[in-house]
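Below: the structure, in structure tokens.
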Amino acid sequence: MDSLSTGSLSGGDAKTTIMNQVRQEAAVANAKALIEKVNEHCFERCVPKPSTSLSRSEEGCYSACMEKYMAAWNAVSKQYVSRMQREQSSAGFIGGGSL
């Protein structure tokens, strides 16, 4: 952000830098949301009676649940990114490349 305050970036560079920072912040927020949801969902599903440690069956259930949840999240994310790229490509051709 220092380069933005000094004015050393051109308008296009500043916009790109800000857009990249927003994307990174959104990715971090999404990762946090994923971890929270996985913990919430899988813990409720796999640990019916919490104690000081997990049993082997609880550990196995929790691991399998996390893997399934993450695989589903990744599949949805890939499709979302693919769709956004297609829409941006279409908008570029229709709108002459400017947003």
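The values are calculated or read from the model by the stated rules, or taken from the named source; none is laboratory data. Predicted, not measured: the structure shown is a model, and the values here were computed from it. Note that we place each Cβ from the backbone using ideal geometry, even for glycine, and neighbour counts take in every protein chain shown.
Quick notes on this one:
- For the range 87-99, a residue qualifies if it is of a type outside the set (A, V, I, L, M) and either loosely packed, with under 10 Cβ neighbours inside 10 Å or at pLDDT 90 or above (or both), and the qualifying residues are 93, 95, 96, 97, 98.
- One residue stands out among those in the range 43-76 that are under 18 Å from residue 30 (Cβ atoms) and touching a residue at least 12 places away in the same chain (Cβ under 8 Å): the one that is surrounded by the fewest Cβ atoms within 10 Å (Cβ to Cβ), which is 70.
- Matching residues, the range 25-72, being of a type in the set (Asp, Glu) and in a loop (DSSP other than H, G, I, E, B): none
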